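Read the structure below first, then the notes.
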Amino acid sequence: MPETIKYKQTLDSFYDYLFGVIKLHRDTIPKLKDELMLIQSNSIDELSDNLNHQQIFLYQIKNFDQDVADYMEKLGVSGKNISEVIGQFPKDEQERFAKLLTEFKEVAKEIEFYKDKCQTLLQTKLHMVNKNIAQFEAKQEKTTYGEDGKEEGGVKLPSAFEKSV
């Protein structure tokens, strides 16, 4: 009987752990929405702060794989993914874990959506920056002409005074 109680406690602890991980993921979504807005508004310093906060999230979940493996060992189950593991739990426990997994899939889908949007917007902005740099790249020498219209030679001008037509 004590093993059954310990198993149930470990199962509940695993559920609470997974629930906490999902909450961390859910709490990241507003930060990703902010990131998208900050990229759109070119707020570099605020974007940097936002990314630092997102790194905290990554730090909080860095041991996820190891933690899950530890729980699997304690529970005496194995599998390549959480779905396989849930299938080995007692039938009355499978449903609550399956609901948790469904919730995680929805949150993960939303996170992926915002990450993709941010990535696309960053790539677009980078393309525009590269295009502007190419447009303003100046030749090293400019030809100068005298009053009579004859070429006098080259002069090196600062790029701030150049304009391409």
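The values are calculated or read from the model by the stated rules, or taken from the named source; none is laboratory data. A quick note: this is a predicted structure, and the numbers were derived from the prediction, not measured. Every residue, glycine among them, receives a Cβ derived from its backbone with ideal geometry; neighbour counts consider all protein chains shown. What goes into the accessible areas is simple: the full protein's heavy atoms, side chains included, and nothing from ligands, DNA or RNA. Shrake-Rupley method; radii C 1.70, N 1.55, O 1.52, S 1.80 Å.
For this structure, a couple of remarks:
- Candidates SER48, SER83, SER41: the one that is farther than 20 Å from LEU126 by Cα and open to solvent by less than 80 Å² (accessible area, probe 1.4 Å) is SER83.
- Residue within the stretch 110-122 that is hydroxyl-bearing (Ser, Thr, Tyr) and farther than 19 Å from ASP16 by Cα present: yes
- Checklist (1) surrounded by 15 or more Cβ atoms within 10 Å (Cβ to Cβ); (2) part of a helix (DSSP H, G or I) applied to PHE89, failing item: (2)
- Residue satisfying all of: in the stretch 64-80; closer than 20 Å to LYS23 by Cβ and open to solvent by 80 Å² or more (accessible area, probe 1.4 Å); farthest from the chain's Cα centre (by Cα) among these: GLN66
- For GLN9, the criteria (1) among the polar types (S, T, N, Q); (2) part of a helix (DSSP H, G or I); (3) under 27 Å from GLU112 (Cα atoms); (4) open to solvent by 70 Å² or more (accessible area, probe 1.4 Å) hold in every case but one, which is (3).
- The conditions of being open to solvent by 50 Å² or more (accessible area, probe 1.4 Å), more than 24 Å from LEU11 (Cβ to Cβ), under 32 Å from the mean Cα position of the chain (by Cα) and at pLDDT 90 or above are met by LYS109.
- Meets criteria (farther than 30 Å from GLN9 by Cβ and open to solvent by less than 50 Å² (accessible area, probe 1.4 Å)) for TYR114: yes
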